[in-house]
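Notes to accompany the following structure.
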């Protein structure tokens, strides 16, 4: 989460969401919320800003029923770098390191850890309301590309199931738009993004995803801010070897609550939790609450 120098904290925490499951192969594919907001920043951007960030995410889910059921626990640490070429154009790189564990009804477990799929994202401020730095409205576009960099973990020379692999290993372009309203002590933002999935490791293909995220924030002081948000995801079914996974895809809405603390002008600590509000999902799926803690530093 981030803030403009000398301004109130204006972050948004968006937690990782749903990964639907196939009885033989399930895989986390996307997030519920604007997952780049921590690094790109929700505040009014300025030219020449270089930002370093680190996020830690803890989440879990279950998918499938009976003997085909499976619980997935995931920990994800993401190193992020972002640079504002101008006050209107910001580029970001996010490098995740993922650890997963799956557990079957018979209590059999598998675990793996390694590099996930790297994200490259660009954001463009296309509109600024009159008033220069005091203008209250910003809007623009964002585009991204997820790269198939995820490790493929083996056990005794054999590839582990795709559901426990660090990521899908797929190329995923994305395109969206965003809007921000600024009037201290209030801030609000909304974004919409569409992800187009290609086939990744082990013939797995995640379903295309449409995300909408909304956040409202209140600055208690110049250093402390509280946030409330709602994130919604509509996704198609995943496929494995061209066959639809019945326990994947559908509609999910998550509620978010968090806070951020600024220390000095450049260092920010943030924490938040996301809980499911509406789960209109296909088949047997259940998303648990998720927790995220992060830090950012501006150079």
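The values are calculated or read from the model by the stated rules, or taken from the named source; none is laboratory data. Values in this document were obtained by computation on a predicted structure and should not be read as measured data. Note that each Cβ is placed from the backbone with ideal geometry, even for glycine, and that neighbours are counted across all protein chains shown.
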Subject >> Residue check for residue 83: in a strand (DSSP E or B), farther than 19 Å from residue 63 by Cβ, out of contact with any helix residue (DSSP H, G or I) (no Cβ under 7 Å at 6 or more places or on another chain) and free of Cβ contacts under 8 Å to residues at least 24 places away in the same chain >> reply: no
Subject >> Out of 232, 214, sole residue that is under 17 Å from residue 186 (Cα atoms) and either surrounded by fewer than 24 Cβ atoms within 10 Å (Cβ to Cβ) or touching a residue at least 12 places away in the same chain (Cβ under 8 Å) (or both) >> reply: 214
**OP:** Could you tell me whether residue 203 is surrounded by fewer than 18 Cβ atoms within 10 Å (Cβ to Cβ) and closer than 23 Å to residue 56 by Cα?
**Re:** no
Subject >> Near pairs, Cβ below 6 angstrom, 6+ apart or cross-chain, from segment 272-292 (under 19 Å from residue 236 (Cα atoms)) to any residue that is assigned to a loop (DSSP other than H, G, I, E, B) >> reply: 282/249; 283/246; 284/64; 284/65; 285/20; 287/18
**OP:** Specify which of the listed residues (168, 225, 216) is modelled with pLDDT under 95, in a loop (DSSP other than H, G, I, E, B) and out of contact with any helix residue (DSSP H, G or I) (no Cβ under 6 Å at 6 or more places or on another chain).
**Re:** 168
**OP:** Report, by residue number, each residue of segment 267-290 that is assigned to a strand (DSSP E or B) and surrounded by 15 or more Cβ atoms within 10 Å (Cβ to Cβ).
**Re:** 268, 269, 270, 271, 272, 273, 274, 276, 281, 285, 287, 290
Original post:
Which residues, counting only those in segment 177-198, are in a strand (DSSP E or B) and more than 26 Å from residue 58 (Cα to Cα)?
Top reply: 177, 178, 179, 180, 181, 182, 183, 186, 187
Original post:
Looking at (1) within 30 Å of residue 69 (Cα to Cα); (2) assigned to a loop (DSSP other than H, G, I, E, B), can you tell me which one residue 234 breaks?
Top reply: (2)
**OP:** Specify the residue that is farthest from the chain's Cα centre (by Cα); the eligible residues are those in segment 254-266 that are without any contact (Cβ under 8 Å) to a residue 40 or more places away in the chain and not in a loop (DSSP other than H, G, I, E, B).
**Re:** 259
Original post:
Do we find that residue 260 is touching a strand residue (DSSP E or B) at 6+ places or on another chain (Cβ under 9 Å), at pLDDT below 90 and surrounded by 15 or more Cβ atoms within 10 Å (Cβ to Cβ) in this structure?
Top reply: yes
**OP:** Return the total of residues in segment 113-125 being farther than 22 Å from residue 196 by Cβ and either under 19 Å from the mean Cα position of the chain (by Cα) or modelled with pLDDT of 95 or more (or both).
**Re:** 3
**OP:** Report yes if some residue within segment 200-208 is within 19 Å of residue 278 (Cβ to Cβ) and at pLDDT below 95; otherwise report no.
**Re:** yes
Subject >> Verdict on residue 117 being outside any strand (DSSP E or B), at negative phi and touching a strand residue (DSSP E or B) at 6+ places or on another chain (Cβ under 6 Å) >> reply: yes
Original post:
What do you reckon, is residue 142 closer than 22 Å to residue 209 by Cα and either within 19 Å of the chain's Cα centre (by Cα) or part of a loop (DSSP other than H, G, I, E, B) (or both)?
Top reply: yes
Original post:
Which residues, counting only those in segment 98-123, are under 30 Å from residue 140 (Cβ atoms), crowded, with 16+ Cβ neighbours inside 10 Å and free of Cβ contacts under 8 Å to residues at least 40 places away in the same chain?
Top reply: 118, 122
